Amino acid sequence: MGCGSWRSPCSECGQITRLARMLQYGHIGLDYFQVGFMVSSRPNRLGDISVNHVAVMARTLRSRGHDPGPWLARYRVSRRLLNTPGARISIPRFMRMGHAAIQMTEEPALGIDFGRHTRMTDLGLAGMAAASAPSLGEALETLVRYERLMSTNSRGQSHTTHTADGGLHAVFYSISPYNRYNCFVVDSILAGWVALLRELGGPATQPSAVTIEYAGPANSEPHAEWFQCPIQFDAPQNRIELHPETAAQRNRLAQNALFQELCQHCETERQRLIWGQSTTERVREAIARRMGSTPPSMHAVALALGTTEWGLRRALEQEGMTYRSLLDRTRRELAEDYVRGTPLSFSDIASLVGFANPSAFHGAFRRWYGCSPGRYRRRYGMAR
């Protein structure tokens, strides 16, 4: 049976070895199989994020007089994991850590402070490339273009667009609907982008506008104080807008030759991450990004991958897979990760994974995992 298969934890010694290795590097939680129903050993389908971001969070807590040690231990993040190149944790675990940090500090806008403490070196190779970019606009574009080197979101990706007058909009894609867990992520990323722009352009650097998808908080003063520009909440996008003059402003650390060299390294790594995947993995990723109230068609996924339905079917057959089986498996895994890793209502989850109504979702979940989504969440969910 394959790595993503379902089995008893004692059925094969090789699976136990693999499980131990995944636990060591933080890819899964301690729950695996419990009496009554099944819990998967696979990485989280909602996405993952570099542990560098956890290190920034720990730095932020220290700056506020808190010892991050017990907090890190609670979420099974060891010093070894923090020092492991390329190590990541799931996005739901990162959101839970952020929420716990907010409770610890009693600061709802802690994400803004997190962004303030973000440094170029925290963003790895992409951060170093951005640090040497010719202009502020190119620096921000570089961070967004190579986002995949630091995090992966199965439901979408960030992007930039140029305005007709030469301005730049950088859009951050976040898992939604919004709740007390993921607003922190939006705050930290947008604030971090601005922190890096000020590191390269000077403390007076500011966006011309900021838009945020979630509804306005009870106290938005920390946002206004940090961004120093008009802010629109409950907006269509999480976006930083740069005036043409700001986008064109010369980076104080600009080094064009180094910038080109580092961008080549970033692109090589990005392509390795994309094309190092099997057809099966690329199709599952494409399905997850397009999953909504109705599942994506094979035609839509083939088009997104630059092939035809016939070509996609043949490629999957060579790996012993079918589009239908991948669609079902992706829905099942997304459903589990939403139920287990987020506080979203089951009605919301149903629409996010392609079910017409909650009743159909409940029936499918019970077939997949042997229990209702409510019971599954109580046993394996956010509290753990």
Check: Kirkwood hydrodynamic radius of region 200-267 from all distinct Cα pairs, in Å?
Finding: 14.2 Å
Checklist line | Computed label-point distance, nm, for sites Q271 and T307 using a 7 Å Cα→Cβ extension | finding: 1.9 nm
Next item on the list: Within 10 Å, count the other beta carbons around each residue, average over each peptide in 262-272, 90-100, and list them highest first.
Entry: 90-100, 262-272
Next item on the list: Would you mind getting me the FRET efficiency between N219 and H162? Use the beta-carbon distance for r and R0 = 30 Å, nearest 0.05.
Entry: 0.30
Notebook entry, point to check: Ordered by packing density, taken as the mean number of other Cβ atoms within 10 Å over each peptide's residues, highest first, how do 74-87, 228-241 rank?
Noted result: 228-241, 74-87
Next item on the list: Quickly rank 169-178, 367-376 as a protection proxy: mean count of other C-beta atoms within 10 Å, highest first.
Entry: 169-178, 367-376
Notebook entry, point to check: At q = 0.16, 0.18 Å⁻¹, what base-10 log of I(q)/I(0) does the Debye formula yield for region 107-269 when every alpha carbon is treated as an equal point scatterer in vacuo?
Noted result: -0.88, -1.12
Check: How large is ³J(HN,Hα), in whole Hz, for each residue of region 132-139 in order, when computed from phi with the Karplus curve 6.51 cos²θ - 1.76 cosθ + 1.60 and θ = phi - 60°, using x for Gly and Pro?
Finding: 9, 5, x, 9, 5, x, 5, 5
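First measure r as the distance between the Cβ atoms of Q264 and A360, then evaluate 1/(1 + (r/R0)^6) with R0 = 41 Å and state the FRET efficiency to the nearest 0.05.
Details: r = 48 Å, r/R0 = 1.18.
According to the calculation, E is roughly 0.25.
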Checklist line | For the chain: span of alpha carbons on each principal axis (Å, largest first) | finding: 59, 51, 40
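Here, each number is a calculation from the coordinates, and none is a lab measurement. Quick caveat: nothing in here was measured; it's all calculated off a predicted structure. All Cβ positions, even for glycine, are placed from backbone atoms using ideal geometry, and neighbour counts span all protein chains on display.
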